[in-house]
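The values are calculated or read from the model by the stated rules, or taken from the named source; none is laboratory data. Not measured: the values here are computed from a predicted model. Cβ sites come from the backbone with ideal geometry, for glycine too, and all protein chains shown count toward neighbours.
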Amino acid sequence: MNNGILIEQYNHWDDTAFNLLYKNFFKALVSYAIQFVDENKVAEDIVQDLFSTIWEKKMQFESTILLRAFLYNAVRNASLDYLKHKNVEDNYLQEMAESHQQYKVNDNGEDHFFSEEIYRQLFSTIDHLPKRCREVFIMYMDGKKNQEIADALQVSLETVKTQKKRAMATLREKMNRNDFILLQLLLP
């Protein structure tokens, strides 16, 4: 099969084209991402996100060479972004742990009080949310996906997204900045 026919198949963007793209590149891109992030699950997530973006945007490519270059560059950039974000999170958590030494409750260095205090503030704030907003956010905290929440509450997916945004905005407003940032790290 020549490259012209192959790129035309990819650019058609039907299920067959997407499956072909996935079959031809997924494993190689995951292997490439693992070289950066050193975690199989994270590498798979990075590549899955890339494929989702390509599918949603129905991206067009002039040649398989440009397609391949885009895929590998996108995976490299996403992997580096992940590592930067992880480094920021690790540094922030370390800084928070060091700045709250007075809350230590055991010799293992576990900071139970600190996280319990954040959860206390969180649930206090959640209790004051409107009923539907509270229901959506609690299900979100339990690890439910947007569609699962929508199905369980018999509301639209957009309603779930809106209610989650409202809850986060209220929490951001009611909690201090550092606790809100730490809360975001604790949420699924």
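Any idea which of Lys131, Lys174, Lys104 is modelled with pLDDT of 85 or more and either within 27 Å of Val88 (Cα to Cα) or of a type in the set (Lys, Arg) (or both)? If you could, list the steps in order and put the result at the bottom.
On the way: Lys174 fails: modelled with pLDDT of 85 or more; Lys104 fails: modelled with pLDDT of 85 or more.
Of Lys131, Lys174, Lys104, the one residue that is modelled with pLDDT of 85 or more and either within 27 Å of Val88 (Cα to Cα) or of a type in the set (Lys, Arg) (or both) is Lys131.
Within region 139-157, the set of residues being within 18 Å of the chain's Cα centre (by Cα) and in a helix (DSSP H, G or I) comprises Met139, Tyr140, Met141, Asn146, Gln147, Glu148, Ile149, Leu157. Remark: pairs (first residue in region 38-51, on the phi < 0 side of the Ramachandran plot and acidic (Asp, Glu); second residue surrounded by 14 or more Cβ atoms within 10 Å (Cβ to Cβ) and part of a helix (DSSP H, G or I); Cβ separation under 7 Å; 6+ apart in sequence or on different chains) = Glu44/Val30; Asp49/Ala78.
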